[in-house]
Amino acid sequence: MSPSPTEAESPEVTAQEWWRSAVIYQVYPRSFADSNGDGIGDLPGIISRLPHLTSLGVDALWLSPFYVSPQADAGYDIADYTDVDPVFGTIADFDRLVAEAHDAGLRVIVDLVPNHSSDEHPWFAEALASPAGSPARDRYIFRDGQGENGDEPPNNWESVFGGGAWHRVNDGQWYLHLFDVKQPDFNWANREVVEFFDRVLRFWLDRGVDGFRVDVAHALVKDEFLPDVETWVAELETGDNRGPMWDQEAVHDIYRHWHRVVSSYGSDRMLVAEAWVAPAARIARYVRPDEMQQAFNFLYMLAGWDAGRLREAIDESIAANTAVGATTTWVLSNHDCIRHASRFGLSDPTHWSSGIGPNDEQPDAVLGLDRARAATLLTLALPGSVYLYQGEELGLPEVTQLPASVRQDPTFFRSGGAEIGRDGCRVPLPWEADAPAFGFGPSSASWLPQPDSFRQHAADVEERSPGSTLDLYRRAIRLRSQLSLGTGRLEWLPASASIVDFRNSDVLVITNFGEEPVDLPEGEVLIASSDSAVLDGRLSPNATVWLR
Ligand code: GLC
């Protein structure tokens with residue numbers, strides 16, 4: 001029987017295994033900070049804003065892709081895995097970024113995209129120029145079509161971004177792309193592919209990176225017979241992917257192998273899986289002792305603003321991870337989902353979709369932000385590791401009014417606009433209220449337009465405002481570290497329908513999901529999610545407090 005979260009001892013955290021309790025900040029390079037005024041963020045821009053991360057108190061940053069790419073999926077379509085795209089800078093900039101981050105005490109995790117390359121990768125060009133059945137084609141998943149003339153796709157799989165998952169090339173064969181047509185899937189049964197990624201891992205480890213975030217880690221291996229699926233249950237969003245292209249047993253062989261490669265550089269290097277699988281026990285298989293060190297906790301992210309669902313997600317994920325000796329990660333937002341300050345302001349605060357458009361229900365910004373701050377304070381009190389997405393520390397909302405003409409996410413185009421896509425959470429950050437592009441860069445250019453509402457969230461405004469979201473994040477991250485909550489142990493207090501309350505070490509954490517204030521026990525208020533969170537000894541609705 002696996003130990004329950006309250007019985008289990010937290011795995012020991014050594015300095016080496018820093019990730020077990022770390023707060024890790026996701027930098028989405030194209031939207032973080034622009035140094036040259038072209039409207040797209042870059043590596044020198046990130047370097048210039050490292051003090052923001054150190055003053056926030058995070059332990060590490062994770063960089064979304066900055067590699068050479070035609071940017072058909074914002075860099076998740078890579079044409080050269082071991083160089084920096086000129087739009088983001090140079091490899092010398094990367095080395096400087098790692099050096100300066102390390103000097104500032106920040107670890108650096110980079111994105112690894114092993115499921116697919118860009119169709120502009122030299123290997124794919126070679127595959128297209130080579131005949132059916134050639135070794136060059138075997139690095140990808142090419143098949144003949146069905147039907148008399150082979151003009152039907154090899155099977156009925158769909159692309160995660162909408163439309164079919166197969167594209168026909170000039171000589172009549174088809175190739176598989178689970179994402180955009182410009183992202184052909186690799187064939188992981190091919191030795192050359194395996195060896196290639198060993199070289200990629202070593203290239204970045206040699207340059208000093210501390211870890212890798214592994215993109216769609218559950219997709220690399222497909223059932224070799226590529227069978228039709230009865231129904232397309234591959235919705236990334238449900239976290240409940242079943243089917244011959246997801247979560248196949250053999251992906252774990254790859255991660256056991258990578259574990260050996262990565263740990264040959266020292267036990268302080270790590271891998272974190274982006275694996276949209278369910279239930280928690282399936283996710284935990286990616287973090288067994290000889291595989292990756294962490295997996296994103298999408299169960300928690302999908303729970304939304306709902307006491308019962310959050311309790312369940314916390315319980316299930318701690319139990320499943322503890323059973324394999326891993327700590328749990330917690331995440332509320334990333335570059336693929338609606339920012340939690342907006343999701344939680346919808347009439348259904350458990351709503352999940354790729355984005356919010358001008359014709360959709362518009363979130364209640366004030367309510368959403370109150371809940372987001374409360375949810376963040378709850379999250380930062382949990383034992384394990386927390387992932388933050390750039391801009392959430394400013395309380396940034398989803399941008400819901402982007403016109404179709406500026407949208408860039410392939411999801412929007414491949415679904416014919418039915419899926420609004422992820423651009424709304426990727427709008428460049430506001431740093432200075434009164435500068436062009438709110439200080440994103442030296443010019444007024446911004447690859448997605450920033451709304452006026454970003455002014456009030458600009459970092460320099462929040463910097464000067466006690467009680468701002470930035471101030472809350474800084475204080476909470478500092479306290480989390482001082483009180484060693486990341487390495488603590490969670491003990492539930494008796495459940496009630498609209499409250500989440502637990503103890504971690506000697507801190508009592510209470511979140512009120514209900515509509516009425518609740519009486520608080522005696523205790524010193526260490527931190528509260530807003531100035532009005534605690535009034536007359538009661539915890540307001542949509543608020544969190546830490547008591548001691
Ligand atoms: C992951 C990334 C997402 C990307 C997709 C295809 O889900 O997080 O942004 O579009 O993989 O690489």
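The values are calculated or read from the model by the stated rules, or taken from the named source; none is laboratory data. Only a predicted model underlies this, so the values are computations on that prediction, with no experimental measurement involved. In this analysis, Cβ positions are derived from the backbone assuming ideal geometry, glycine residues included, and neighbour counts consider all displayed protein chains. We work out accessible area using only protein heavy atoms, side chains counted, and drop any ligands, DNA or RNA first. Shrake-Rupley method; radii C 1.70, N 1.55, O 1.52, S 1.80 Å.
Just a few scattered comments:
- The residue that is surrounded by the most Cβ atoms within 10 Å (Cβ to Cβ), counting only those in the range 428-466 that are more than 16 Å from GLU393 (Cα to Cα) and among the acidic types (Asp, Glu), is ASP434.
For (1) more than 20 Å from ALA295 (Cβ to Cβ); (2) at pLDDT 95 or above; (3) not assigned by TED's automatic domain parsing to the domain that holds ARG143, each residue gets a yes or a no:
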position	(1), (2), (3)
ASP198	yes, yes, yes
VAL216	no, yes, yes
LEU220	no, yes, yes
PRO227	yes, no, yes
TRP232	yes, no, yes
GLU237	no, no, yes
ASP253	no, yes, yes
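- Inclusion of PRO410 among residues that are free of Cβ contacts under 8 Å to residues at least 12 places away in the same chain and either open to solvent by less than 30 Å² (accessible area, probe 1.4 Å) or assigned by TED's automatic domain parsing to the domain that holds ARG343 (or both) is not warranted.
- All conditions in (1) out of contact with any Phe, Trp or Tyr (no Cβ under 6 Å at 6 or more places or on another chain); (2) open to solvent by less than 20 Å² (accessible area, probe 1.4 Å) hold for GLU524, with the sole exception of (2).
- Failed item in (1) within 30 Å of VAL518 (Cα to Cα); (2) open to solvent by less than 10 Å² (accessible area, probe 1.4 Å), with CYS425 passing the rest: (1)
- Set side by side, the residues ALA136, ALA132 differ, and just one is over 14 Å from LEU176 (Cβ atoms), away from the ligand (no atom under 16 Å from the Cβ), surrounded by fewer than 16 Cβ atoms within 10 Å (Cβ to Cβ) and not assigned by TED's automatic domain parsing to the domain that holds TRP258, which is ALA132.
- Restricting the range 74-103 to residues that are open to solvent by 40 Å² or more (accessible area, probe 1.4 Å) and β-branched (Val, Ile, Thr), the residue that is farthest from the ligand (Cβ to nearest atom): THR90
- Members of the range 160-182 found to be within 15 Å of the ligand (Cβ to nearest atom) and either surrounded by fewer than 18 Cβ atoms within 10 Å (Cβ to Cβ) or more than 14 Å from LYS222 (Cβ to Cβ) (or both), listed by number: PHE161, GLY162, GLY163, ASP180, VAL181, LYS182
- Count of the range 205-214 residues which are out of contact with any Lys or Arg (no Cβ under 9 Å at 6 or more places or on another chain), surrounded by 21 or more Cβ atoms within 10 Å (Cβ to Cβ) and either free of Cβ contacts under 8 Å to residues at least 60 places away in the same chain or not aliphatic (A, V, I, L, M) (or both): 1
- Residues that are more than 11 Å from the ligand (Cβ to nearest atom) and in a loop (DSSP other than H, G, I, E, B), drawn from the range 408-423: GLN408, SER415, GLY416, GLY417, ALA418, GLU419, ILE420
- Answer residue from the range 470-496, given it is among the hydroxyl-bearing types (Ser, Thr, Tyr) and open to solvent by 10 Å² or more (accessible area, probe 1.4 Å) and is modelled with the lowest pLDDT among those: SER496
- The helices (runs of 4 or more DSSP H) found entirely in the range 212-325 that carry 1 or more residues being within 16 Å of the ligand (Cβ to nearest atom) are 251-263, 280-284, 298-303.
- Qualifying residue in the range 145-156 (condition: within 16 Å of the ligand (Cβ to nearest atom) and within 25 Å of HIS252 (Cβ to Cβ)): no
- Among strands (runs of 3 or more DSSP E) entirely within the range 447-543, having at least 2 residues that are of a type in the set (D, E, K, R) and out of contact with any His (no Cβ under 9 Å at 6 or more places or on another chain) singles out 499-504.
- Matching option when the condition is closer than 28 Å to VAL23 by Cα, without any contact (Cβ under 8 Å) to a residue 60 or more places away in the chain and open to solvent by 50 Å² or more (accessible area, probe 1.4 Å), among VAL366, VAL399: VAL366
- A residue that is in contact with a Gly (Cβ under 8 Å, 6 or more places away or on another chain), touching a residue at least 24 places away in the same chain (Cβ under 8 Å), open to solvent by less than 80 Å² (accessible area, probe 1.4 Å) and under 24 Å from VAL193 (Cα atoms) can be found somewhere in the range 146-157.
- Residue within the range 62-73 that is open to solvent by 20 Å² or more (accessible area, probe 1.4 Å) and more than 16 Å from the ligand (Cβ to nearest atom) present: no
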